[in-house]
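Coordinate-derived values only; no laboratory data. If you're wondering where the values come from, they're calculated on a predicted model, not measured in any experiment. A quick note on method: Cβ atoms are made from the backbone with ideal geometry, for glycine too, and the neighbour counts reach across all protein chains shown.
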Amino acid sequence: MKTKLLLPAIAGALLAFSGPSFADVAVQAATDLNVRAGPGPQYPVIGVIGAGQGTTLRGCLEGSKWCSVADSGGDGWVYSDYLVGDFGGQQIVLSARPVDSGVIVVDPPAAGGAGDVVIDGTTGAIVAGEVMPAIEPPGAVRTYVTDHRVEPVYLDGEVVVGAGLPDTVELTEIPDYEYRYVNVNGQPVLVEPSTRRVVYVVR
């Protein structure tokens, strides 16, 4: 899978991170990462883990990239493509962890699981990309995006800067601006149209 081929690039960019051993169940965010109320893009965002910030891993769903974390703000769910932990002395992306990593399997919340969501016939997955700096759009652009809301599309994965969107997602133009925008998983983002990479997350 393309996603798996790109994951080592994220891990390589984070080798400089230091922290407790994975026995302490400590992980760090590779980029600003949404924390959701449940294990899936359909759940609301309840917080954000900042790039390089640590959190405590409780465990991950079996056969899924969604994992439960806990910190001073409470419990939540994050997408493991953008978390790194110490495995055998190496910083490795959580979703690419070794089979014998010791990460426990947790149950989904009673309200629902982490299945794919289909909205208006749009399906697919967000493709993990290398961590990259975000642009800083003019205030008028942020205002335009928030004032001209578009219907959300739901994709498996999480929206971060550098992630790629599938061709099935329609991008909306912004007057006199090079980037386009879309609402993915309830999160407005700016997208570079030729590469379909997220360049800014509107929070």
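Brief remarks follow.
- Net charge of neighbours whose Cβ lies under 12 Å from the Cβ of Arg58, counting Lys and Arg as +1 and Asp and Glu as -1: -3
- Around the amide H of Gly47, modelled in the peptide plane, lie the amide H atoms of Val35, all under 5 Å away and 5 or more residues distant in sequence or on another chain.
- For Tyr200, the residues whose modelled amide H falls within less than 5 Å of its own, excluding neighbours fewer than 5 places apart on the same chain, are Leu190.
- Between Ala37 and Gln90, the modelled label-to-label distance comes to 4.0 nm, taking each label 7 Å out from Cα in the direction of the beta carbon.
- 3J(HN,Hα) from dihedral phi, region 187-199, Karplus parametrisation 6.51/-1.76/1.60, rounded to Hz, x for glycine, proline: 10, x, 9, 9, 10, 7, x, 6, 9, 6, 9, 6, 10
- Zone of Thr143's modelled label, taken as backbone nitrogen in region 172-195 under 17 Å from a point 7 Å along Cα→Cβ: 174-177
- In this structure the amide hydrogen of Tyr154, modeled in the peptide plane, comes within under 5 Å of the amide hydrogens of Ile119, Asn185, none closer than 5 places in sequence on its chain.
- Ala70-Arg58 pseudo-label distance in nm [points 7 Å out on the Cα-to-Cβ vector]: 0.6 nm
- Footprinting exposure proxy ranking of Ser194, Ser95, fewest other C-beta atoms within 10 angstrom first, gives Ser194, Ser95.
- Shown here for region 30-101: chymotrypsin sites (Phe, Trp or Tyr not before Pro) in loop regions (DSSP other than H, G, I, E, B) with at most 14 other Cβ atoms within 10 Å, of which there are none.
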